[in-house]
Amino acid sequence: MRVMERTFREQLFFLVLCLFVLKGDSRYIENNDILKDDLYSFFNAELKREIPEELMYRRPLRCLDMIAVEGQFTFTAERPQLSCAAFFMAEPNEVITVDYDNVDIDCRGGDFITVFDGWVMKGEKFPSTQDHPLPMYERYVDYCDSGSLRRTVRSSQNVAMVFFRIHNAGSSFTLTIRKLINPFPCNVISQSPEGSYTMVIPQQHRNCSFSIIYPVEIDISEFSLGHYNNFPKRSMPGCAESGDFVQLLGGNGIDTSKLLPITDLCISFTGPTQMKIGCDNTVVRMVSSGKFVNRVSFSYRLLDAQELQTIKLNNVEDFCFNN
């Protein structure tokens, strides 16, 4: 168990190291500093415990930070900080609200605080533009542009982030992070390399992705597309033409539109279907026409080093390691 926990931590630490080359559309994040011990505090059980409503958890916000709890987080600049980002994550069935509190920055001097609806990593975005319900320009909310008109920003999925740039020592701001239940979660980044999930799209024309940022084995236990429920199980020449299908994707980025399609599923079935995917990011993506209720259930677990070595000659593995 301790080996698995260490592997989990090392995988996520490697992920966060990649954040040093973050890029946004109009605000760029380039160089950041974070200590390994600071990152590991994210996994502290005391930090992740349930917090009574009357007791708001509070701590300083780091220039590069990852947060999975509700609370108030205050950043105070001790020196100019020109490229900072905080990543927020909730449970799959939750969305995140970000409230601006006690903001004391110099907007005219070039300071900014920008909430992004999703994550940006190395220039790629989750959810992708194909899967997010809002146009890209609406996913960025800059405090200096909106001010008091929009002091609360709500995410569309279980992840969100904040870019900020502060030029003057002593400038500060506070963010209050809360989580709300999302009755129909769509795009999700998993907090864990192991778990199970059921994705349901109830007659909505939308695309939904479940992203696991680890090499994993996927076990699909149930798969049901409304328009094929009354048809016998058989293969089809192409799933995309059906308008309702599930994709398994793999790659080393977070933008699903840039990942390698591993297989498409468009025929309903019951019974386990297993597949090992050695990529840094494994995605189950459902495309729905909105005419039917579509459903897929799956479980996943982290691949160990020996399994990764065994499948290294697999085409998907070669793609993931070489790109």
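The values are calculated or read from the model by the stated rules, or taken from the named source; none is laboratory data. Given the structure is predicted, the values throughout are model-derived calculations rather than measurements. Virtual Cβ from ideal backbone geometry, glycine too; neighbours counted across all protein chains shown.
Of note:
- Residue list for the stretch 206-235, filter: surrounded by 15 or more Cβ atoms within 10 Å (Cβ to Cβ), at pLDDT below 80 and farther than 20 Å from Phe184 by Cα: His227, Tyr228
- Per the listing Arg206, Arg178, Arg151, Arg165, the residue uniquely touching a Lys or Arg at 6+ places or on another chain (Cβ under 9 Å) and over 27 Å from Asp304 (Cα atoms) is Arg165.
- Some residue of the stretch 92-108 being in contact with a helix residue (DSSP H, G or I) (Cβ under 8 Å, 6 or more places away or on another chain), part of a strand (DSSP E or B) and at pLDDT below 95: yes
- Within the stretch 141-161, the set of residues being under 24 Å from Glu94 (Cα atoms), at pLDDT below 95 and either of a type outside the set (Lys, Arg) or not assigned by TED's automatic domain parsing to the domain that holds Val115 (or both) comprises Val141, Asp142, Tyr143, Thr152, Val153.
- Scanning the stretch 90-121 for residues that are surrounded by fewer than 23 Cβ atoms within 10 Å (Cβ to Cβ) and among the charged types (D, E, K, R), we see that the one that is farthest from Asp145 (Cα to Cα) is Glu91.
- Filtering the stretch 122-135 to residues that are polar (S, T, N, Q) and crowded, with 18+ Cβ neighbours inside 10 Å leaves only Ser128.
- Among the residues here, Phe164 does not qualify as closer than 23 Å to Val296 by Cβ and not assigned by TED's automatic domain parsing to the domain that holds Gly243.
- Pairs with Cβ under 7 Å, 6+ apart, first in the stretch 113-129 and touching a residue at least 40 places away in the same chain (Cβ under 8 Å) and at positive phi, second aromatic (Phe, Trp, Tyr) and surrounded by 24 or more Cβ atoms within 10 Å (Cβ to Cβ): Gly118/Phe126
- Within the stretch 176-186, one or more residues are β-branched (Val, Ile, Thr) and closer than 30 Å to Ser224 by Cα.
- Test result for Pro80, assigned by TED's automatic domain parsing to the domain that holds Ile166 and either in contact with a helix residue (DSSP H, G or I) (Cβ under 6 Å, 6 or more places away or on another chain) or closer than 30 Å to Lys258 by Cα (or both): no
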